[in-house]
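The values are calculated or read from the model by the stated rules, or taken from the named source; none is laboratory data. Nothing here was measured: the structure is a model prediction, and the numbers come from that model. A quick note on method: Cβ atoms are made from the backbone with ideal geometry, for glycine too, and the neighbour counts reach across all protein chains shown. In case anyone asks, the SASA skips ligands and DNA or RNA and just uses the protein heavy atoms, side chains included. Shrake-Rupley method; radii C 1.70, N 1.55, O 1.52, S 1.80 Å.
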Amino acid sequence: MPEEIRDPNRLVTTLEPAELARIEEEVQEIRACVPAWVWDGRSLPVPIDLIAREIYNLRVRVVSEEAMREAIGEDPDGHYGLSGLLICADGEIWVSKGELDYDWGSRRHRFTVGHELGHFVMHQSREPRIFCREIENGESETGEVDQNDPVPRPVPEAEANTFSAAMLMPIDQVRKRLSSNPADPVKDLQDYFGVNRKPALRRVETARILG
Ligand SMILES: [Zn+2]
């Protein structure tokens, strides 16, 4: 593998197909380990909070954005938006309380928990020990992006997003949905899995790449 692919600071809009496949495999292994009393492997939406707690002993806490900014040393009056934090030392995932007030909030909450869980599973050995999920351009008002072009992000962020989408939208169910040729595949996945538009869009692309 060329060295630049390993550089965690490299900005990407999409991961290499081999890496998408690796994350998919990792998520499949995790799903296989989830006992039926936590999740039956089919019911939707995927109970990601429960999986984080019961499988990884991570406590999901809903906290104010100010508390999150303080935890990472950001000016509480700044305009820096945060959806979530993973605090490895305390075994906690913090998720923005304010976002739950919106009708898209519970969908965003699940995606953010999945994103932080992705950091926990894939990046724990890497510095820093606190990972965050910033609000992405164009999604702060409605929980949605207003364009299709992906925003370049550091590799670990793209990996955590891919992990979360894979957890919340199991590939076998995604393939089944897409094989029925819905008029709007992205909207179909959004409604079916209870996710926002961007993760659904990402999942449709991933499913096409993985074949
Ligand atoms: Zn992140």
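What number of residues within segment 161-182 are more than 16 Å from the ligand (Cβ to nearest atom) and open to solvent by 10 Å² or more (accessible area, probe 1.4 Å)? Residues flagged as more than 16 Å from the ligand (Cβ to nearest atom) and open to solvent by 10 Å² or more (accessible area, probe 1.4 Å) within segment 161-182 amount to 10. Filtered by the rule that a residue be more than 11 Å from the ligand (Cβ to nearest atom) and surrounded by fewer than 24 Cβ atoms within 10 Å (Cβ to Cβ), segment 112-122 gives a lone residue, Val121. Determine, yes or no, whether Trp37 is in a loop (DSSP other than H, G, I, E, B), modelled with pLDDT of 90 or more and open to solvent by 20 Å² or more (accessible area, probe 1.4 Å). Yes: the conditions hold for Trp37. Among the residues of segment 22-34, those that are open to solvent by less than 40 Å² (accessible area, probe 1.4 Å) and within 26 Å of Ile209 (Cα to Cα) comprise Ile23, Glu24, Val27, Ile30. The residues in segment 82-100 that are free of Cβ contacts under 8 Å to residues at least 40 places away in the same chain and open to solvent by less than 10 Å² (accessible area, probe 1.4 Å) can be counted, and the count is 2. Here Ser83 fits the description: under 25 Å from Gln190 (Cβ atoms), modelled with pLDDT of 85 or more and within 12 Å of the ligand (Cβ to nearest atom).
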